[in-house]
Every structure is written in structure tokens, then in C-alpha cells.
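Each remark here refers to the structure printed beneath this line.
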Amino acid sequence: MSPGDLAPLWLTLRLAALVTAILMLLGTPLAWWLAHTRSRLAPVVEAVTALPLVLPPTVLGFYLLLAFNPSAPLGQLWLSVTGSTLTFSFAGLVIASLLYSLPFTVQPLQAAFTALGRAPMEAAASLSASPLDAFLTVAAPLCLRGYLTAAVLTFAHTLGEFGVVLMVGGNIPGETRVISIAIYEEVETLDYAAAHVLSGILLALSFAILLALYWINGRHRQEARR
């Protein structure tokens, strides 16, 4: 297999890394709010956040395709600002992946923030720390395992996206042809050898990522029992 045949892999890794980085930033305040709010809107927000877990990817992809269309308000705004369309573009893949992978970021962080409780933040406030300083120096380090879990699950989930990215991005080499779509195309053309190689790479990469996560969490639990 030539380096050019691995282009979908590099595009997928780029997409997964970018989506993970953005969701770590955007998911933190949302997860923090969900962990501490008493608002009646919290169940609604939680349900909307978790919707990609139960919604068929093609359904989400279909509605995103309609929203990204240049004739729709969002698609028209993007076109007027950037001069390019959201549909069948890498930017469209990023936005679609942000929505599709959102619960894999928010839920582990929310669980970590809930387990942390209010006591550490209150202790930091008693020492005159600002809310932001208390979060960065106290809460975030104590919730490091939650961040690690969120980052790994978000990255691994984005690697395996298919329905959403196919609906929104299509199959444009070098632009939207991620590895899952490349595998599907190889199977369609009966090139099982190439499909085996790409599938094996994705399988090994996903397994290695999850193995590293469970190994780190296992070591942490063992140290906590000592």
C-alpha cells in the first residue's frame, strides 16, 4: 500500500485530534454547569447532549446536511463569511463531529466534576482564589482522570465515525474521505485486501488507545487502594 493510500488515515487522525481539542474546551464549562446547576433546564440539556448516543448517525447527518446547505441560514452565513460551503468540506466534518462526539466528552467530565463535589472549590475560595484560578489549580488537576477518559473516548469515537461524515462530507479525496469511508469504498469495489489493511490499522489503533486508557485507570485504582 502506497503512502497515498494512507491519506484517509492521516485525515482521520487530523479530524479526531482537532475535534478532541475543541471539545475539551467547549465541553468543560457545559459539564461543570451540569454537575453543579439546580436549574430545571438541566435534564433537557442533558438529554440534548446525550442524543447522539441513541440517534442513528444518518438521521443526525441528514439534519446537519440540511442545516449546512447554502440555502439554510447557517450554511448561508458560513458561505458569506468564508466564501466556501459547509457541505462536503473538512470544516463541515469538524462541526458535525463536534456534535456527534459531544456526549463522549461531556459525560465523563460531568461525572468527574460531580464526584469532586464543592468542598475543594470552597476551600480554594476561602484562600482568596478566584473561581477561574480555583478551577485551574484545584478542580482540573483533581479531575485529571476524567479529562483523560473524555479525551480518549472522544478521539476514539471520532476515528470510527461513518454515517454522519458520509452524509455531511461525502467522499472527496484529501478533503472528506476519512478512513471509515475509504474502507466502505474498498469493500464496494471488492478490493478486500485494501479494506483489510485499512480495517486492521483502525482496529489496532482503536484497541491501543482504549488499552492505554484502561491500563492507566487500573494503575490509578491500585495506587488508591494502597
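The values are calculated or read from the model by the stated rules, or taken from the named source; none is laboratory data. Predicted model, so just to flag it, every value in this text is computed and none were measured. Cβ sites come from the backbone with ideal geometry, for glycine too, and all protein chains shown count toward neighbours. Surface accessibility is based on the protein's heavy atoms, side chains included, excluding ligands, DNA and RNA. Shrake-Rupley method; radii C 1.70, N 1.55, O 1.52, S 1.80 Å.
Structure notes:
- Subset of segment 71-87 [in contact with a helix residue (DSSP H, G or I) (Cβ under 7 Å, 6 or more places away or on another chain) and part of a loop (DSSP other than H, G, I, E, B)]: A72, T85, L86, T87
- For segment 184-206, the count of residues that are farther than 15 Å from A16 by Cα, crowded, with 17+ Cβ neighbours inside 10 Å and in contact with a Ser or Thr (Cβ under 8 Å, 6 or more places away or on another chain) is zero.
- Condition check for L53: in contact with a Pro (Cβ under 6 Å, 6 or more places away or on another chain), surrounded by fewer than 16 Cβ atoms within 10 Å (Cβ to Cβ) and at pLDDT 90 or above: yes
- Selection within segment 23-46 - open to solvent by less than 50 Å² (accessible area, probe 1.4 Å), more than 19 Å from the chain's Cα centre (by Cα) and of a type in the set (V, I, T): T37
- Just one residue in the set T58, T82, T28 is among the hydroxyl-bearing types (S, T, Y) and either in contact with a Phe, Trp or Tyr (Cβ under 8 Å, 6 or more places away or on another chain) or closer than 19 Å to L116 by Cβ (or both); that residue is T28.
- Against the list (1) modelled with pLDDT of 95 or more; (2) touching a helix residue (DSSP H, G or I) at 6+ places or on another chain (Cβ under 6 Å), the condition G61 fails is (1).
- Scanning segment 47-58 for residues that are under 20 Å from P29 (Cα atoms) and under 16 Å from the mean Cα position of the chain (by Cα) yields V48, T49, A50, L51, P52.
- Condition check for A72: open to solvent by less than 20 Å² (accessible area, probe 1.4 Å), free of Cβ contacts under 8 Å to residues at least 60 places away in the same chain and not β-branched (V, I, T): yes
- Any hit, segment 14-32, residues being in a helix (DSSP H, G or I), of a type outside the set (A, V, I, L, M, F, W, C) and within 13 Å of A156 (Cα to Cα): yes
- Selection status of A96, touching a Pro at 6+ places or on another chain (Cβ under 7 Å) and assigned to a helix (DSSP H, G or I): no
- Of the residues making up segment 10-32, just one is of a type in the set (F, W, Y) and free of Cβ contacts under 8 Å to residues at least 12 places away in the same chain, namely W10.
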